Amino acid sequence: MRLVDHDLCSFCKTDSENILHVFYECQTVSNFWQKVENFINSHFDSNLRITKYSVMFGSDSNTHIVNHILLLAKRFIYISSLQQISPSFDRFLTSIKDICKIEQFIANKNNRYNDFEKKWKELPLTIL
Ligand SMILES: [Zn+2]
């Protein structure tokens with residue numbers, strides 16, 4: 001196990017790293033969330049505002065896929081912090097595409113393609 005001798009944020013290296021900072025308050029993460037918010041609002045019927053609440057608990061006024069993307073974004077931030085690299089929106093988009101392909105494969109295998117299409121239909125094919 002690798003241990004660091006400081007408590008500084010994995011991204012900005014200036015503030016103390018705690019859950020709220022690393023997932024919401026950090027400027028590096030804030031820039032990432034802004035791109036996620038723009039992506040969601042431009043591809044879904046959504047007027048999402050990224051807040052502390054939506055980051056921590058998801059959005060209660062959005063669809064299943066929007067909350068899934070928020071959850072994937074938090075996982076992506078966590079993995080990026082372990083790797084000590086800034087969360088890149090382009091890499092995040094690639095990871096969404098990979099997860100979509102995995103769910104498509106599983107849906108095909110289990111004869112549940114309609115469920116897959118219902119969930120992912122709002123994303124244009126050019127994205128996926
Ligand atoms: Zn930070």
>> Can you find, among Leu123, Phe32, Met56, the residue sitting farthest towards the positive end of the charge dipole of the chain, where Lys and Arg contribute +1 and Asp and Glu -1 at Cβ?
In response: Leu123
> Of Leu8, Leu70, how do they rank once you tally other Cβ atoms within 10 Å and put the fewest first?
Replying inline: Leu8, Leu70
> Residues with amide H under 5 Å of Leu8's amide H, sequence separation 5 or more or different chain, H placed in the peptide plane at 1.01 Å from N; which?
Replying inline: Glu17
> Using θ = phi - 60° and the Karplus curve 6.51 cos²θ - 1.76 cosθ + 1.60, what whole-Hz ³J(HN,Hα) does each residue of segment 76-92 get, with Gly and Pro shown as x?
Replying inline: 5, 4, 4, 5, 4, 5, 5, 7, 6, 10, 5, x, 9, 5, 4, 5, 5
> About its Cα centre, what dipole magnitude does the chain give when the only charges are +1 on Lys and Arg Cβ and -1 on Asp and Glu Cβ, stated in debye to the nearest 20?
Replying inline: 400 debye
> Hey, what do the phi angles of segment 15-25 turn into as Karplus ³J(HN,Hα) couplings, whole Hz, using 6.51/-1.76/1.60 and θ = phi - 60°, x for Gly and Pro?
Replying inline: 9, 5, 8, 9, 4, 5, 5, 6, 9, 9, 7
>> Suppose only helical runs count, i.e. DSSP H with n ≥ 4. What mean residue ellipticity at 222 nm does that imply for the chain under -39500 (n - 2.57) per run, divided by all residues and rounded to the nearest 500 deg cm²/dmol?
In response: -18500 deg cm²/dmol
> Over all distinct Cα pairs, what is the inverse of the mean 1/r for segment 2-128, reported as the Kirkwood hydrodynamic radius in Å?
Replying inline: 15.7 Å
> Within straight cross-link reach of Lys35, meaning Cα distance under 16 Å, which aspartates and glutamates are found once same-chain residues fewer than 8 apart are removed?
Replying inline: Glu25, Asp90
>> Positive end of the dipole of segment 19-120, charges at C-beta (+1 Lys, Arg; -1 Asp, Glu), about the Cα centre: which of Ser88, Asn110, Ser42 has its Cα farthest in that direction?
In response: Asn110
> Counting other Cβ atoms within 10 Å, which chymotrypsin sites (Phe, Trp or Tyr not before Pro) in segment 84-121 have at most 15 and lie in a DSSP loop?
Replying inline: none
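All of the numbers you see were taken from the coordinates with simple rules; none came from a lab. Remember, predicted model here, so these are calculated numbers, not experimental data. A quick note on method: Cβ atoms are made from the backbone with ideal geometry, for glycine too, and the neighbour counts reach across all protein chains shown.
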